[in-house]
1. What are the pairs, 6+ residues apart or on separate chains, where a residue within the stretch 73-90 that is closer than 21 Å to Ser234 by Cβ and free of Cβ contacts under 8 Å to residues at least 60 places away in the same chain has its Cβ under 6 Å from a residue that is of a type in the set (A, V, I, L, M, F, W, C) and in a helix (DSSP H, G or I)?
2. Within the stretch 93-109, how many residues turn out to be open to solvent by less than 40 Å² (accessible area, probe 1.4 Å) and of a type in the set (A, V, I, L, M, F, W, C)?
3. Considering only residues that are touching a residue at least 60 places away in the same chain (Cβ under 8 Å) and open to solvent by less than 40 Å² (accessible area, probe 1.4 Å), which ones fall in the stretch 236-248?
4. Which residues, counting only those in the stretch 214-223, are touching a Ser or Thr at 6+ places or on another chain (Cβ under 8 Å) and either surrounded by fewer than 18 Cβ atoms within 10 Å (Cβ to Cβ) or of a type in the set (S, T, N, Q) (or both)?
5. Restricting the search to the stretch 261-304, which residues are farther than 30 Å from Leu169 by Cβ, touching a residue at least 24 places away in the same chain (Cβ under 8 Å) and polar (S, T, N, Q)?
6. From Phe313, Phe286, grab the single residue that is closer than 22 Å to Ser460 by Cα and either modelled with pLDDT under 85 or under 19 Å from the mean Cα position of the chain (by Cα) (or both).
7. Check the stretch 261-270 and report whether any residue there is open to solvent by less than 20 Å² (accessible area, probe 1.4 Å) and either β-branched (Val, Ile, Thr) or within 19 Å of the chain's Cα centre (by Cα) (or both).
8. Given the criterion among the hydrophobic types (A, V, I, L, M, F, W, C) and more than 28 Å from Thr462 (Cβ to Cβ), identify the matching residue among Ala328, Ala252.
Amino acid sequence: MSQKTLTDGTRAGADKAPAAASAKRWWILAVVALAQLMVVLDATIVNIALPSAQADLGFSDGNRQWIVTAYALSFASLLLLGGRIADLFGRKPAFLVGIVGFALASALGGAASSFGMLVTARSLQGVFGALLAPAALSLLNTTFTDARERARAFSVYGAIAGAGGAVGLLLGGFLTDALDWRWTLFVNVPIAVVAFAGGWFLLTNHRDAANAKLDVPGTVLVAAGLFGVVYGFSNAESHDWGSPLTWGFLTAGGLLLVAFTWWQTRTAHPLLPLRILLDRDRGASFIAVLISGAGMFGVFLFLTYYLQLNLGFSPTKTGVAFLPMVGALMVAAQVGTTGLLPRIGPKVVIPSGFAIAAAGMAWLTDIGVGSDFATSVLPQLIVIGFGLGLVMPPAMQLATGGVAAEDAGVASATVNAMQQVGGSIGTALLNTLAASAATDYLVGRDPRDKLVQAQATIESYTTAFWWSAGFFAAGAVIALVLHRRGVPEQDPDAAPVVHM
């Protein structure tokens with residue numbers, strides 16, 4: 001029987017018993033969940049507050065997107081570096097430094113007196129988030145060694161991953177309505193204080209790759225490549241696909257990532273060992289995370305517009321409207337990871353989840369100018385949430401499960417990177433397609449007619465929903481083809497990795 005590593009680096013057969021680690025494992029889960037929720041929230045919590053921030057600081061509509069993009073660029077570009085730093089230098093210090101830096105950057109953003117100051121703060125949030133996210137989740141490697149408990153932990157983190165964006169919209173709306181837009185950033189400070197205190201007292205440092213070296217050329221290549229891809233897709237929103245700022249950065253980013261892949265086969269200490277990517281089930285799961293990230297923006301982004309602009313919901317009411325989806329996702333996360341995946345395997349569970357989510361998105365295209373929330377939005381949200389709950393937690397479990405302990409941080413970072421890149425792709429594509437649909441509808445009609453304008457926005461939303469349904473349908477086919485039959489067998493000597 002193989003020995004298992006505890007949170008302090010000792011072995012189960014050693015003199016030190018695992019009782020202490022076992023007793024505090026759920027508290028560790030709570031601390032890491034709190035920190036990870038903070039990181040996920042900041043991808044969307046500022047979105048609802050943007051109009052208020054724009055009015056206060058006086059920046060243009062063209063600059064508005066950079067409040068969101070600045071966070072995504074630094075976060076996505078540095079994730080693999082953050083994960084490797086946690087593996088090399090210890091996950092507890094990486095976690096604590098990430099928490100403190102994120103809190104200070106949030107305080108800077110909340111106190112911003114200019115557009116430049118706010119964008120700088122959002123970039124710094126992304127930098128420290130890229131250190132915090134992989135460190136936090138890989139800390140759970142040696143906390144949850146029991147398969148059943150590990151599945152339960154994945155259900156919690158999968159729910160956070162899928163529902164965090166909706167919770168961000170809810171909290172952002174409430175804080176903007178009740179207090180001020182600045183509190184969408186200030187709120188991170190008390191959360192960070194609690195998470196830091198918990199991490200300080202509960203966590204012990206663990207270094208699995210202490211003898212390895214940092215792959216500097218690989219770090220530069222992948223950071224620049226991911227930056228180019230995310231920046232290129234972001235420019236597609238503000239410019240067009242024919243702009244050199246779009247295709248130029250996308251091409252450069254793609255070439256840099258190809259060069260990074262080649263370099264990983266040559267260096268003695270790769271930043272991202274290709275063995276992490278080449279497992280069939282793991283590779284399929286990475287793709288599933290990317291596709292779900294792209295398709296989810298069809299829900300959060302355009303449905304937010306519809307609820308506020310067409311149905312007249314307040315920011316707070318808009319956030320509350322997403323709660324049924326969150327509830328369905330959490331239920332499905334528990335069912336999928338602890339009930340279905342261990343019994344029937346991913347080849348059935350993940351494609352089924354994608355198919356359910358695709359059906360929900362297609363059903364959502366029935367919205368119209370005179371639709372109401374209870375019949376035209378609520379049931380569809382529940383279906384979509386349930387479907388995504390069967391996709392994201394199982395995919396994340398498979399993407400990081402069975403990874404060697406020294407690769408835990410970078411494996412977790414890779415999943416986060418897939419989610420970020422997927423979100424960037426989805427945002428750019430859906431925004432472009434939605435805008436084209438609205439423009440096409442107005443051809444030959446009077447754009448000054450309010451009813452025509454309203455119907456044009458509906459056309460843009462439903463186009464985005466149809467494409468999101470297409471993403472999910474493609475995900476179902478890809479997962480069905482790539483995943484192996486049966487229940488995957490994990491290497492008993494490999495460290496289990498828990499990831500958001």
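The values are calculated or read from the model by the stated rules, or taken from the named source; none is laboratory data. All values reported here derive from a predicted model rather than from experimental measurement. Don't worry about glycine lacking a Cβ; one is built from the backbone with ideal geometry, like all the others, and counts go over all protein chains shown. Side chains are part of the model used for accessible areas, which takes the heavy atoms of the whole protein and leaves out ligands, DNA and RNA. Shrake-Rupley method; radii C 1.70, N 1.55, O 1.52, S 1.80 Å.
1. Ser74/Val127
2. Our first condition is that a residue be open to solvent by less than 40 Å² (accessible area, probe 1.4 Å); within the stretch 93-109, this holds for 94-96, 98-99, 101-103, 105-107, 109.
Restricting the remaining residues to those that are of a type in the set (A, V, I, L, M, F, W, C) gives 94-96, 99, 102-103, 105, 107.
So the count comes out to 8.
3. Ala236 - this is the single residue of the stretch 236-248 that is touching a residue at least 60 places away in the same chain (Cβ under 8 Å) and open to solvent by less than 40 Å² (accessible area, probe 1.4 Å).
4. Correct list: Pro217 only.
5. Gln264, Thr267 - these are the residues of the stretch 261-304 that are farther than 30 Å from Leu169 by Cβ, touching a residue at least 24 places away in the same chain (Cβ under 8 Å) and polar (S, T, N, Q).
6. Phe313
7. The answer is no; no qualifying residue exists.
8. Values: Ala328 fails: more than 28 Å from Thr462 (Cβ to Cβ).
Going through Ala328, Ala252 in turn, just one is among the hydrophobic types (A, V, I, L, M, F, W, C) and more than 28 Å from Thr462 (Cβ to Cβ): Ala252.
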